[in-house]
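To start, the structure itself, in structure tokens.
FYI, it's all coordinate maths here, none of it is from the lab. Source: prediction; values computed, not measured. Cβ coordinates were reconstructed from backbone atoms using ideal geometry, including for glycine residues, and neighbour counts include every protein chain displayed.
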Amino acid sequence: MTGLGAVFRPQLPPERLRAVARTADETGLEELWLWEDCFREGGISTAAAALAWTERVRIGVGLLPVPLRNVAITAMEAATLHRMFPGRAVIGVGHGVQDWMGQVGARAESPLTLLREHLDALRALLRGERLTTSGRYVRLDDVGLDWPPPAPVPVLAGATGPRSLRLAGEAADGIVLTASTTADGVRRARGLVDEGREAAGRSADPHEVVVYLLAATGPDAAARLRAELLKEEGPDPDPTLGVAGDAGTVAKAVERLAEAGADTVILQPTGDEPDPEGFVRFVAEEVRPLVP
């Protein structure tokens, strides 16, 4: 079965999260994803709150920008979430939007090198290993977690370009693709990830592909979707990016991504979505029954 979820966008104030998270839990939504976009809301703080307010829904963080975080802190926070809420936190990391990283003095000369070093160290620490390493960016001296997760913790990576997609295949347990990814883009991404997995001898390891899909419903859905695509993609956006309409229309768009290789599709409301709780209810109660 294709996984399905929704995004709580950080354009909403943090105090709105509680109602949206509880709606997700009550309606049976599988996953609610959060973003750590600069300079809005912290990914770990919002994830911890959402997990505490709910009982069953999985909470994803996509993505934590690694230039902002010492890998030991990322490991400590991820391990804490998994020990308090076993199996319910999904952590994704990425090299961050470079302009934002530059604004805070954290821009790396080689974002891919930093991401690789962070992924390698983070996954080792979460496996309970004690680590000494001296890389270009990640340096640890006899570091181990006192409270590692009791079970394996998958670490996902955000990826777009060919090099980062191959890297995700080599060094991560899954990828997160943005809403700017078409079905053909999912196929290409899956192929590049598989190249990386094969190069690293990890072809037999599970590797989840998570894709965001911009979606809108309601009487003004098409206009809201068009406005957001024009803003984000330019004057001539690909018409297959995003979907507007009823549950059946949205479900078919989800299926197209699943057929292209997505394991999980996370529906991303427009930034001006007038009813975030209603959007979550729509995904859980109307779209989910139509997605195999």
key: Low-density loop positions, GluC sites (Glu not before Pro), region 84-178 - DSSP coil, at most 14 other Cβ in 10 Å   = E109, E129
Rough spin-label spacing in nm, given labels placed 7 Å along Cα→Cβ, for E195 and R83 = 4.1
remark   = Note, T240: beta-carbon cut-off 10 Å, +1 each Lys/Arg, -1 each Asp/Glu, net -1
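Starting with the fewest neighbours, write out F85, F39, F279 ranked by other beta-carbon atoms found within 10 Å of each beta-carbon.
Ascending Cβ contact count within 10 Å gives the list F39, F85, F279.
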query = Within region 115-150, what residues put their amide N at less than 14 Å from the label point 7 Å along the Cα-to-Cβ vector of R163?
reply = 115-117
Positive minus negative residues near R202 (Lys, Arg vs Asp, Glu; Cβ under 15 Å) = -2
key: FRET efficiency estimate (nearest 0.05) - Cβ-Cβ, L112 to E208, R0 25 angstrom   = 0.75
ask   = How big is the gap, in Å, between the Cα center of region 35-58 and the Cα center of region 189-239?
value = 22
ask   = GNM on the chain, C-alpha springs below 10 Å: top fluctuator among T240, T23, T181?
value = T240
task = Just flag the GluC sites (Glu not before Pro) in region 21-75 sitting in loop per DSSP whose Cβ has no more than 11 other Cβ atoms within 10 Å.
result = E55
request  = Any chance you could give the angle, 0 to 90 degrees and rounded to 10, that helix 43-53 forms with the longest Cα principal axis of the chain?
outcome  = 60
query = Between the helical axis of 247-260 and the dominant principal axis of the chain, each derived from Cα atoms, what acute angle in degrees is found, rounded to the nearest 10?
reply = 40
query = Assuming R0 = 25 Å, what is the FRET efficiency of K252 and E232, from their Cβ-Cβ distance, to the nearest 0.05?
reply = 0.65
request  = With both partners inside the chain, how many of the DSSP beta bridges are antiparallel, as a percent to the nearest 5?
outcome  = 10
request  = Evaluate E = 1/(1 + (r/R0)^6) for D184 and A223, where r is the Cβ-Cβ distance and R0 equals 30 Å; express this FRET efficiency to the nearest 0.05.
outcome  = 0.70
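Looking at the chain, which longest stretch skips every one of the trypsin sites (Lys or Arg not before Pro) that is in a DSSP loop with at most 12 other Cβ atoms within 10 Å, leaving the sites themselves out? Don't skip to the answer; put the middle values down first.
On the way: sites that count: R56, R130, R136.
Free of exposed loop sites, the longest segment is 137-292.
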E26-S134 pseudo-label distance in nm [points 7 Å out on the Cα-to-Cβ vector] = 5.7
